Amino acid sequence: MTDRYKSVFDIIGPIMVGPSSSHTAGTLQIGRMARIIFGGDPAELVVHYYDSFAHTHLGHGTDYAIVAGVLGMEPDDRRVPMAVRMARNMGIKIRFIEEKQHSPVGHPNTAWLELTNRDHTLKMGLIGCSIGGGMIEVRRIRYNDVTFNTPGPLPIILFRDVQQSAEIHMKLLKMVMAVGPMLNQQSTNGKRAAIYSFTMKNPVKPAQLKKLQEAFPKLALLQVEE
């Protein structure tokens, strides 16, 4: 048993709409993480599949699982298989692309999601890997012109800020939660716009999350719920 799995149930997978814990439940979680960072429903969604996903996404329900996650559904929601149709009925433009090159992050179960809002002022990208049993890793994130790699394992806290007080906010955030190293990426368009990333040592409890969200409205927490 590796550090990625805390119990045998992590390998078996969650209660879910199948058929596959890695290709269905895992990809739903990738979609959910993208939704959290984006902040809601996108107007456009483009999904790039690599390696195993590029060959098996139709048969394993990966398409509807990712879209279900982007819509905020749970893995056991009976509407999961209908997610693509539901999203298109909502006016969301969806495109799936089977990439011929290998995964840019070196994992066979890789999906790169691009979410865009209606007026194209916000474009968010996320590269996620399904590592088995419904568990995922987030390997890369792009928020408009800010791109950075993440450690992979969840949970991760992201915080967006354009004010000079961002460093003070980060100190406060670090005082509230025990976190690992911080990654700070500046934008390259001449404006002060940064995303701060914290790797958490432990999952965040609901009461802690509420306290954080009240203090930091631009905070996004990425963690697969237990």
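Against the condition in contact with a Leu (Cβ under 9 Å, 6 or more places away or on another chain), touching a residue at least 24 places away in the same chain (Cβ under 8 Å) and surrounded by 22 or more Cβ atoms within 10 Å (Cβ to Cβ), how does Met135 come out, does it pass? Yes; evaluated as a whole, the condition is true for this residue. When Leu58 is tested against (1) open to solvent by 60 Å² or more (accessible area, probe 1.4 Å); (2) under 19 Å from Gln29 (Cβ atoms), exactly one condition is not met: (2). Taking every residue in region 22-41 that is over 24 Å from Leu58 (Cβ atoms) and in a helix (DSSP H, G or I) and pairing it with any residue that is modelled with pLDDT of 90 or more and of a type outside the set (A, V, I, L, M, F, W, C), at least 6 positions away or on another chain, yields no pair with a Cβ-Cβ distance below 6 Å.
Please verify whether region 78-91 includes one or more residues that are over 27 Å from Gly59 (Cβ atoms) and aliphatic (A, V, I, L, M). Lay out the reasoning, then the answer.
So the first thing to find is which residues in region 78-91 are over 27 Å from Gly59 (Cβ atoms), and the list is 91.
With aliphatic (A, V, I, L, M) added as a condition, the list becomes none.
No.
A count restricted to region 206-224 and to residues that are open to solvent by less than 40 Å² (accessible area, probe 1.4 Å) and assigned to a loop (DSSP other than H, G, I, E, B) stands at 3. Annotation note: of Gly152, Gly125, the sole residue that is under 15 Å from Tyr49 (Cα atoms), within 11 Å of the chain's Cα centre (by Cα) and without any contact (Cβ under 8 Å) to a residue 24 or more places away in the chain is Gly125.
The values are calculated or read from the model by the stated rules, or taken from the named source; none is laboratory data. Because the structure is a prediction, the values reported are computed rather than measured. Quick reminder, even Gly has a Cβ in these numbers, built from the backbone with ideal geometry, and neighbours come from all protein chains shown. Quick note on the areas: whole protein, heavy atoms, side chains included, nothing else; ligands and nucleic acids left out. Shrake-Rupley method; radii C 1.70, N 1.55, O 1.52, S 1.80 Å.
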